[in-house]
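Notes follow the structure.
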Amino acid sequence: MRHTCGRAIAGQVSRSHGAGGLQGLYQSLFDYKTEKYVIAKNKKVGLLYRLLQVSILTYLVVWVFLVKKCYQDTDTSLQSSIITKVKGVTFTNTSELGERLWDVADYVIPPQGENVFFVITNLVVTPNQRQETCAESASVPDALCYEDSDCPPGEPVAAGNGVRTGRCLREGSAQKGTCEIFAWCPVETRSRPTKPLLGEAKDFTVYIKNFIRFPKFNFSKTNVLDTTDRTFLKSCKFSPENPYCPIFRLGSVVSWTGSNFQEIAVQGGVIGIQIEWDCDLDKAPSECYPRYYFNRLDNRFSGNSISSGYNFRFAKYYRDAAGVEFRTLFKAYGIRFDVMVNGKAGKFNIIPTIINVGSGVALMGVGSFFCDLVLIYFIKKSHFYRDKKYEEVRDLEVLAQMAESSQQSVAPDAAGLAEQPEAQDEGGAQKENGCVCGQLLQPARSGHQGNGKVNVEQLQSLQTMEA
């Protein structure tokens, strides 16, 4: 009868445990779990944590928001247009050209004014060229010859000026000569002058007009002062204090690159003029103004290099009284100006603001993680703080084993109590056993209703009775 009662109680406990498990799982769906914080009274780690917080907060406020302005939405798709006009005149008197006045139409190429323009400062002039036969220049290696077979007719001279005719021309009794060619004769033979022909070009001025637009914000601006005074552009000169005057003296532009105008005028060069627009559209439109930067772009550090300088050739064509065409060939040395425009505009937007604030908050978590590492690994009492931070949780089987070991010490008393009903008669035993079952089952039910779990001590006592 004792075994029957034990099995009945164990079955009811099992059923109540299964029902309680499902109910507990259902109730856990609506549980809210929060973190447990351990306050460590350690001044060194606390000071380190505050320093990290201040550093991250300073980085977020100063660098992210004040310097980089990451609270703004930006537009870098700048639309730009450049108009250039050069002004200035100078006078020269040379054997090739005689007395001549040079104006914008003579020394500026191309004349319409674009973001790239060229100003002539030095010239090699070969006048009165006509299409006929003549000797190729001795400075061309492919033109040298010893006999006529070295000059096959119809073949052009590599890096030369014309096409071979089949004759080798020699001066006097010289063994070496040059091939005869059909070309614009006489060919160019003069070398570059050591003094610039248009040295006074340093006083020329260039007007650079720039229109820009940021399409995302529909914002437009120009680098010229918005004024009705028609004499403004005729009297002003650019300076850092006057950024809305786009009139630049060529000599000043070259000097701002760290170069000497007379040196660059002899062999030519390339100057970059960069216009940068950095507009904060949260401020007034007048605060959006251009910044200019000037740089020497060609190989300025090796004056004797074959790649230094800048030059090209062009010609002007004429006809004589007989209708025969002739020309004047110019090898032009000068300064090429490249005007480059870039920039960006920014305006407040809530989305990048939230993103960067969230990034700053996440960095605060990095500070906590670093301090946790220091606290539980790198200080003397790290094991103490580690035990406080991490708790060991044991499962039900471990708890049952602990309860079983504790019950072994009171097993004789429990066995004596369990043998008392056997001394009574059969009816009394049944009644007493039924009473015992009811008493043991009642706490199990109350435990199930309280927390959905079976009391480990009650289950142990049932197992003892069955034994």
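With a Förster radius of 56 Å applied to the beta-carbon distance between Arg386 and Gln262, the computed FRET efficiency rounds to 0.15. Using a cut-off of 25 Å between alpha-carbon atoms, which lysines can reach Lys216, once sequence neighbours fewer than 8 places away in the same chain are excluded? In chain and number order, the partners are Lys68, Lys69, Lys283, Lys344, Lys347. Average accessible surface for segment 258-378: 54 Å² per residue, computed with a 1.4 Å probe over protein heavy atoms with every protein chain in place.
Karplus-derived 3J(HN,Hα) values for segment 349-361, using 6.51 cos²θ - 1.76 cosθ + 1.60 with θ = phi - 60°, are 8, 5, 5, x, 5, 5, 4, 6, 5, x, 5, x, 5 Hz; glycine and proline are entered as x. Extension gain, Glu404 to Val361, is 10.4 nm, computed as 0.36 nm per intervening residue step minus the present C-alpha separation.
Placing a label point 7 Å from the Cα of Thr353 along the Cα-to-Cβ line, the residues of segment 54-76 whose backbone N sits under 15 Å from it are 61, 65-66, 69-74. With a ≥ b ≥ c taken as the square roots of the eigenvalues of the C-alpha gyration tensor of segment 152-218, please select rounded if a/c is under 1.5 and otherwise prolate if a/b is larger than b/c or oblate if it is not? Verdict is oblate for segment 152-218. Averaging the Cα positions of each part gives two centres, and for segment 160-181 and segment 24-42 these lie 101 Å apart. Projecting the Cα positions of Ser259, Asn218, Val206 onto the charge dipole of segment 204-271 (unit charges on Cβ atoms of Lys, Arg, Asp and Glu, taken about the Cα centre) puts Asn218 furthest along the positive direction. Computed in the context of the full set of protein chains, the accessible area of segment 123-189 at 1.4 Å probe radius has 49% of its extent on carbon or sulfur. How much accessible area does Ser191 have with a 1.4 Å probe, in Å² rounded to the nearest 10? Here the accessible area works out near 90 Å². Proximity of backbone amide H atoms, modeled 1.01 Å from N, is registered between Val86 and Tyr207 at under 5 Å, excluding neighbours fewer than 5 places apart on the same chain. For segment 223-290, the square roots of the Cα gyration tensor eigenvalues, ordered a ≥ b ≥ c, give a/c of at least 1.5 with a/b no greater than b/c, which places it in the oblate category. Computed from the Cβ-Cβ distance with R0 of 22 Å, the FRET efficiency linking Thr189 to Phe91 stands at 0.25.
Accessible area per residue for segment 119-229, computed on protein heavy atoms with a 1.4 Å probe, is 54 Å².
Counting only protein heavy atoms, what percent of the accessible surface of segment 231-372 is carbon or sulfur at a 1.4 Å probe? The nonpolar share, carbon plus sulfur, comes to 56 percent.
Computing FRET efficiency as 1/(1 + (r/R0)^6) for Arg319 and Arg249, where r is the C-beta to C-beta distance and R0 is 41 Å, gives about 0.55. Of the residues Tyr49, Cys70, Ile120, the one whose Cα sits farthest towards the positive end of the charge dipole of segment 36-125 is Tyr49 (charges of +1 on Lys and Arg Cβ, -1 on Asp and Glu Cβ, taken about the Cα centre).
The values are calculated or read from the model by the stated rules, or taken from the named source; none is laboratory data. Predicted, not measured: the structure shown is a model, and the values here were computed from it. So basically every Cβ, Gly included, is an ideal-geometry build from the backbone, and we count neighbours across all protein chains shown. When the accessible area is computed, the model is the full protein with side chains, heavy atoms only, and any ligands, DNA or RNA have been set aside. Shrake-Rupley method; radii C 1.70, N 1.55, O 1.52, S 1.80 Å.
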